[in-house]
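Presented below is the structure to which this report refers.
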Amino acid sequence: MEKAFNIQNEQKADDAQNETIDAAQDVSPAKARRSRLFIILFSLFALCLLGFLIVRNSEDSTASQENITAAPTRQHESEEKSQGSSEAFIAADADKWGAYEGNKELTEVIIPKSVQSVGHSAFIDCVNIKSLTISDSVASIDDYAFTNCSGLRSVELPDSVTSIGIRSFKDCSALTRIILPDSLTSIGVCAFQSCTALTDIVIPNSVKSVRANIFWGCTSLKSVTFKGKVYTDCSELNNDICRFNNGAFACIWDSDTKELTVPDYATSISDRAFFDNPKLTKLIIPDSVVSIEVKAFKECRNLKSVKIPDSVVFIGDSVFENCAGLSSIEIPRSITAISQCTFKGCSSLNAVEIPDSVTSIGANAFEECANLKKIIIPCNVTAISDCMFFKCPNLEEINIPDSVTSIGGSAFWRCTGLKSIVIPNSVVSIDKNAFEFCTGLTDIVLSDNLKNISNSIFKGCSNLKKISYKGKIYTSPKAFYQAAQDYGVTVE
């Protein structure tokens, strides 16, 4: 029985072993399949990696070749930028207004080909610029472009430049040499003013327009070549330039002359002809002159007298502005209008006789004429313009004719010497602050036909106690404003 039991156990063991073998036989094909799949995937990954490395190596090789090819170009660009100096500044924004104004770090400047014009005030007050290179793409040097570049020593303008603007190189006090190209056609007012180190210059034959005072204050200038002729005398050059400018006279190159007679072939005194000339004391204008253009004598502080001939029919804006020494002037009957700011700041002028031919007087015409005491407005003038007698503290007497219909803003501002005034019935409007701070004004007679007034016309008139209007007397501006409104006047 024990034998039977052993046989039974052996049979069970054999069965278990057979089951294990069968299971192993069932598992082996699955493992084999997984193994083959792994090998396939690994092979694919290896192939992809190999392909990637081949492509990457090819791109690196191409880039390296491109770098080798481009290296000379970059080297050339570097050399072009440096122009022999690693400190040169490429002024790519030179065409913009005030682009580098007051930049004291600039010493060497290159204006690149991307710039077509050097902008207004682009390098003004760049006092440390010593070297300047301008590309041949630049067509114009605008107003004040290099004003007060006091360290600039030499300039050569390219053949592309056609115009030089107002005061472009003014106060370039170290400038000893400037070469103007044959492409140049115009030179603006005071272009080289106060270039005190400049000794000689050649104006090319291509130039068609030469404006006033281009060499004003060039105290070292000894010769100017113009139209093939070398000038060593400023008066001769001035006169010949007048002929060249079709009779427009201007002081191109200054001298120590205090009294000047304009040549009799001149037909006009050009704009800014004697601007800021501190030496001129007397000027004789011939009968050939028909016009005096804007600012012709502005800032001529020592000019004492001027006689304007009957041939002159036009006087421009600000012609005598800030001529502080001007004490007398004769205005001919040929003049029909006095432009704005004509006598502004003429602090020595005490009387002006305006002829009846004048029908209009511009704004600020007599502003800050500190010694003006009396003036008669011609009977054909229709308006007292804005600020016409602004801050004329000694003005004591003024006659306003019946032709005047309006009085402008601040027309008599701070005329502290004015004590009384009569406004004719022709006046229908008085603008704001017309008599502001006229502290000496005690009484005024107003037009009965007012339609529009400002509520500030008598502001600061601390002594005004008598305002006559429509037959009644008012003792304060406030009372008058109320009465005016009651009469239908618009008070603003």
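Every number here is computed from the coordinates shown, using simple stated rules; none is lab data. Note that the coordinates shown come from a computational prediction; the quantities given were computed from them, not determined experimentally. Glycine gets a Cβ as well: all are built from the backbone with ideal geometry, and neighbour counts include every protein chain shown.
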For this session: Starting from the Cα coordinates of the stretch 133-207, work out the convex hull volume and express it per residue in Å³.
Result: 67
Exercise. For the stretch 87-238, what is the charge dipole size about the Cα centre, in debye to the nearest 20, if Lys and Arg each add +1 at the Cβ and Asp and Glu each add -1 at the Cβ?
Worked result: 380
Problem set entry | Cα gyration tensor shape of the stretch 248-369, rounded if a/c is under 1.5, else prolate or oblate by comparing a/b with b/c | oblate
Problem set entry | Under 5 Å, built H, 5+ apart or other chain: amide partners of Ala383 | Ile361, Thr405
For this session: Per residue of the stretch 211-216, in order, report the coupling 6.51 cos²θ - 1.76 cosθ + 1.60 (Karplus, θ = phi - 60°) as ³J(HN,Hα) in whole Hz, putting x for Gly and Pro.
Result: 8, 5, 6, 5, 10, 5
Problem set entry | Sum of side-chain charges, Glu397 neighbourhood, beta-carbon under 11 Å (Lys, Arg +1; Asp, Glu -1) | +2
Exercise. Taking the Cα centre of the stretch 353-412 as the origin, how large is its charge dipole in debye, to the nearest 20, when only Lys and Arg (+1) and Asp and Glu (-1) carry charge on their Cβ atoms?
Worked result: 80
Exercise. Based on the inverse mean of 1/r over its pairs of different Cα atoms, what is the Kirkwood hydrodynamic radius of the stretch 85-255, in Å?
Worked result: 15.8
